[in-house]
Amino acid sequence: MIKYSIHDVPQGIKLSSNEGEVFLEVKLLAAELISFINSVTICLLIDKLTKTICLEIHDNDNDPFLIFQSFENSATEQDIAIEIWNLIRVTEFSLILYNDDNYPICKIQIPKSNMANNFQNWALSTDNHFKCLFEKIDYSNRLKTIFLDPVKSKTWEGNLIHNKEYFKLEEYFDDGKHGYIHEYSIRNLLQTVFIPNQDLFWSPKKIDETELTDFLIFASNIVLIIESKYIVSRKSTNFNKAIVKGVKQLIDTQGLIKLKQKITNNNVLNETLQQVDVCIRICVFNDSSSYHKKKLRNVINTFDRKDLPIFVTSSFLGQLLWLLRIKYKKDADVQFFKYIIKVYNDSRDEDIVILDQFSF
């Protein structure tokens with residue numbers, strides 16, 4: 001079996017220990033990272049049947065938005081069992097947070113009670129899940145300022161995120177700035193499979209210097225038009241407003257591309273757009289939006305079915321790209337297009353298409 005570390009995957013968790021100190025490493029996409037920081041409680045779920053660990057983030061008292069199994073598989077089952085036991089019996093552990101670009105966001109000591117007796121009782125019981133619940137953590141003055149890789153910055157004309165040479169998560173907590181970090185995260189995911197400024201174009205500008213769309217990805221005569229939406233509010237009205245805006249932006253961009261005229265200030269991109277015969281529109285939004293089909297009902301009723309894009313959560317996008325890279329390696333880009341085209345063709349009779357963690 002091929003071994004993967006937490007730094008190889010888009011998101012995951014890893015337990016380890018060294019000289020009596022226990023470490024919980026957590027790697028999250030941008031939107032999940034903000035929800036993690038703002039969470040009311042964090043819960044580790046240990047599954048007896050599958051011998052796996054899951055992370056549940058409660059950024060809302062009544063509506064935990066994310067449960068995912070660790071992708072970290074660089075240890076044996078016995079190793080994992082030992083690390084779980086180490087976590088159970090210690091009275092504090094070190095939490096290390098990474099963003100999707102593997103930058104360490106913070107390291108913080110988390111106090112907890114010794115759960116050894118409870119764990120042993122659970123092991124003998126018929127209950128399948130053991131819960132390690134941690135109360136809200138104060139991250140004040142704990143989040144690092146990280147200077148970004150200048151080589152990566154050069155790829156995107158010196159603009160990795162919000163025209164800054166550094167990254168500090170706290171600067172993106174305010175409403176209106178979440179979109180920058182979400183778009184940064186989506187771009188990190190896409191460039192693991194597609195070549196920047198060749199297959200993948202980020203934030204291309206129209207001739208009047210306004211943005212055409214968030215991302216364009218090309219394969220032969222097909223283009224994927226992608227809009228990234230970070231939605232903070234859980235209210236249906238605000239959720240729908242953001243999604244409707246994204247759908248309209250996608251429709252407008254497709255209309256401009258179909259004109260087959262010079263529409264951007266990038267000559268290479270203009271030439272590539274001239275070859276396009278098929279446009280597929282995709283709206284990528286954050287998992288913590290707590291969406292569901294009923295909440296999207298107003299969006300469905302606002303547009304004709306042919307005008308609705310494929311809706312994709314950022315978590316699903318990251319997992320899909322990673323799985324394709326593992327299975328197909330250099331052909332992951334081709335397989336991604338094949339997958340999206342299949343979804344596009346197979347879903348014509350559905351009122352809406354949402355690709356999330358349950359779509360695999």
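DSSP loop GluC sites (Glu not before Pro) in the range 161-215 with at most 13 other Cβ atoms within 10 Å of their Cβ, which ones?
E165, E209
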(request) Note down the nm distance, to one decimal, between modelled labels 7 Å out along Cα→Cβ at D208 and at S153. (result) 3.2
(request) In Å and from the alpha-carbon atoms only, list the Rg and Dmax of the range 207-360. (result) 15.8, 43
(request) On each of the three principal axes of the Cα atoms of the range 223-283, give max minus min coordinate, whole Å, ordered largest first. (result) 42, 19, 14
(message) Stokes-Einstein diffusion coefficient for the range 158-263 at 4 °C in a medium of 1.567 mPa s, Rh from the Kirkwood formula over Cα pairs: what value in µm²/s?
(response) 85
(message) Given axes a ≥ b ≥ c from the Cα gyration tensor, I'd like to know whether the range 257-345 is rounded (a/c under 1.5), prolate (a/b larger than b/c) or oblate.
(response) oblate
(message) Could you check the spin-label model distance between L259 and S94? Points 7 Å from the Cα along Cα→Cβ, value in nm.
(response) 5.7
(message) Nearest 500 deg cm²/dmol is fine: what mean residue ellipticity at 222 nm does the chain get from its DSSP H runs of n ≥ 4 alone, each adding -39,500 (n - 2.57), divided by its residue count?
(response) -10000 deg cm²/dmol
(request) Starting from the Cα of N221, step 7 Å along the direction of its Cβ; do the same at I195; then give the gap between the two resulting points in nm. (result) 2.2
(request) Have a look at N18, N267, N197 and tell me which one the Gaussian network model of the chain (Cα, springs below 10 Å) gives the largest fluctuation. (result) N18
(request) Estimate the FRET efficiency between D127 and I326 by the formula 1/(1 + (r/R0)^6), using the beta-carbon distance for r and 35 Å for R0, to the nearest 0.05. (result) 0.55
(request) Report ³J(HN,Hα) in whole Hz for each residue of the range 297-304, in order, from the Karplus equation J = 6.51 cos²θ - 1.76 cosθ + 1.60 where θ = phi - 60°; Gly and Pro get x. (result) 4, 5, 5, 4, 6, 7, 10, 5
(message) Restricting to Cα atoms and excluding each atom paired with itself, what does the Kirkwood estimate give for the range 314-360 in Å?
(response) 11.4
(request) Would you mind calculating the gained length between N102 and R348 on full extension (0.36 nm times residue separation, minus the Cα-Cα distance), in nm to one decimal? (result) 84.8 nm
(request) Calculate one ³J(HN,Hα) per residue across the range 259-268 by plugging θ = phi - 60° into the Karplus curve 6.51 cos²θ - 1.76 cosθ + 1.60, and present them in order as whole Hz with x for glycine and proline. (result) 5, 6, 10, 6, 10, 10, 9, 10, 5, 4
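Please compute the net charge surrounding I96, taking Lys and Arg as +1 and Asp and Glu as -1 over other residues with Cβ under 12 Å from its Cβ.
So the environment of I96 carries a net charge of +3.
Which FRET efficiency value, to the nearest 0.05, is calculated for D307 and T52 with the Förster distance at 51 angstrom and r the Cβ-Cβ distance?
0.80
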(message) Taking just the alpha-carbon atoms of the chain, what radius of gyration and Dmax come out, in angstrom?
(response) 21.6, 71
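Rule-based calculations on the coordinates, nothing more; no lab input. This structure is a prediction, so every number in the text was calculated from the model and none was measured. Please note: Cβ atoms are built from the backbone with ideal geometry, for glycine as well, and neighbour counts cover all protein chains shown.
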